[in-house]
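Undergrad: Mind looking over this structure? Questions follow.
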Amino acid sequence: MNNINIKTPAELSLMRESGRLLARVFEALNSLVVAGITTLEINQFVEHFIVEVLAARPASKGQYGYQYVLNSSINEVVCHGVPSATKRLRNGDIVNLDITLEKNGFIADSSKMYVIGETSLQARRLVDVAYQAMWEGINQVRPGATTGDIGHAIQTYTERHGFTVVRDYCGHGIGREMHEEPQILHFGRAKTGVTLTEGMVFTIEPMINQGSYKTKQKKDGWTVITRDRKLSAQWEHTLAVTATGYEVLTLRPEEAMA
């Protein structure tokens with residue numbers, strides 16, 4: 001607990017603004033992410049939108065030497081897909097766009113799946129189960145719950161639907177730094193791990209695979225794919241622990257209306 005940065009009400013107010021702006025980025029992408037566009041064109045649009053329209057900073061650019069403002073992970077790519085000038089989205093693809101934004105010194109982190117045109121029922125089901133798995137984890141969040149409760153809920157839901165949870169990557173605390181304590185595993189046992197308290201802020205971002213949960217990293221040093229080359233899907237939100245439960249700081253307009 002000593003390493004976990006508990007946010008003050010003033011800091012949470014600033015993080016709420018970062019999250020609100022990041023939700024606007026995804027809203028702007030809804031009509032842009034279609035078959036034929038390259039992932040680098042999406043990256044360039046997002047950088048312009050964050051910097052010029054929102055007067056904020058794309059927090060991923062320059063982090064750990066990364067050159068881009070987002071990750072674009074298509075089909076069998078689990079995470080950290082690198083934007084490309086030649087990789088065009090095709091009808092039937094599923095793609096995760098993972099974006100971070102800093103405003104007033106605080107960072108928000110979120111990702112969303114986009115289904116391009118007509119895709120298979122199996123791919124659509126994977127995307128939907130991954131989304132609900134994230135919410136199964138989010139709904140565990142309240143003071144007195146544990147990080148293990150989050151992981152257990154995600155794993156139980158996912159495996160009940162015939163999919164697997166990636167073990168190699170996890171959610172994380174977030175604030176002035178992109179990656180803070182605690183780590184949020186998306187699998188595990190209930191009533192284990194760190195006890196949640198009001199003022200904690202972290203991401204929940206399960207990566208759900210169609211086949212085996214095992215992954216491997218490509219030679220570019222970034223892109224992570226499923227070892228069996230089957231599909232993977234991921235959703236992510238940044239959320240705060242409140243006195244009575246949670247607040248999703250990166251909630252998108254279409255989710256608020258759902």
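The values are calculated or read from the model by the stated rules, or taken from the named source; none is laboratory data. Since the structure is predicted, the reported quantities are computational estimates derived from the model, not experimental observations. Quick reminder, even Gly has a Cβ in these numbers, built from the backbone with ideal geometry, and neighbours come from all protein chains shown.
Undergrad: Name the strands (runs of 3 or more DSSP E) wholly within the range 135-206 that hold at least 2 residues that are touching a residue at least 60 places away in the same chain (Cβ under 8 Å) and either of a type in the set (Val, Ile, Thr) or over 15 Å from GLU236 (Cα atoms) (or both)? Spell out how you get there, then give the answer.
TA: Values: elements: 171-173, 180-184, 201-204.
Result: 180-184, 201-204.
Undergrad: Continuing with this model, one more query. Restricting the search to the range 205-250, which residues are closer than 20 Å to GLU102 by Cβ and not small (Gly, Ala, Ser)?
TA: Within the range 205-250, GLU205, GLU236, HIS237, THR238, LEU239, GLU247, VAL248, LEU249, THR250 meet the criteria.
Undergrad: What residue, among those in the range 218-258 that are in a strand (DSSP E or B) and of a type in the set (Val, Ile, Thr), is nearest to LEU196 (Cα to Cα)?
TA: VAL241
Undergrad: Mind telling me which of the residues ILE150, ILE154 ends up being in contact with a Pro (Cβ under 6 Å, 6 or more places away or on another chain) and over 25 Å from ALA35 (Cα atoms)?
TA: ILE154
Undergrad: Restricting to the range 38-78, name every residue that is in a loop (DSSP other than H, G, I, E, B), of a type in the set (S, T, N, Q) and under 17 Å from the mean Cα position of the chain (by Cα).
TA: SER60, ASN75
Undergrad: So if I check each of THR146, THR164, THR203, which one is in contact with a strand residue (DSSP E or B) (Cβ under 6 Å, 6 or more places away or on another chain), polar (S, T, N, Q) and more than 24 Å from ILE94 (Cβ to Cβ)?
TA: Being in contact with a strand residue (DSSP E or B) (Cβ under 6 Å, 6 or more places away or on another chain), polar (S, T, N, Q) and more than 24 Å from ILE94 (Cβ to Cβ) holds for just one of THR146, THR164, THR203, which is THR146.
Undergrad: Given the residues GLN217, GLN183, which is the only one that is surrounded by fewer than 18 Cβ atoms within 10 Å (Cβ to Cβ), modelled with pLDDT of 95 or more and touching a helix residue (DSSP H, G or I) at 6+ places or on another chain (Cβ under 9 Å)?
TA: Values: GLN217 fails: touching a helix residue (DSSP H, G or I) at 6+ places or on another chain (Cβ under 9 Å).
Answer to the check: GLN183.
Undergrad: Kindly indicate the residue of the range 28-65 that is aromatic (Phe, Trp, Tyr) and modelled with pLDDT of 95 or more and also surrounded by the fewest Cβ atoms within 10 Å (Cβ to Cβ) among those meeting that condition.
TA: Filtering first and then ranking leaves PHE45.
Undergrad: ASN3 is checked against (1) at pLDDT 95 or above; (2) of a type outside the set (Lys, Arg); (3) assigned to a loop (DSSP other than H, G, I, E, B) and fails just one. What number does that condition carry?
TA: Answer for ASN3: the failing condition is (1).
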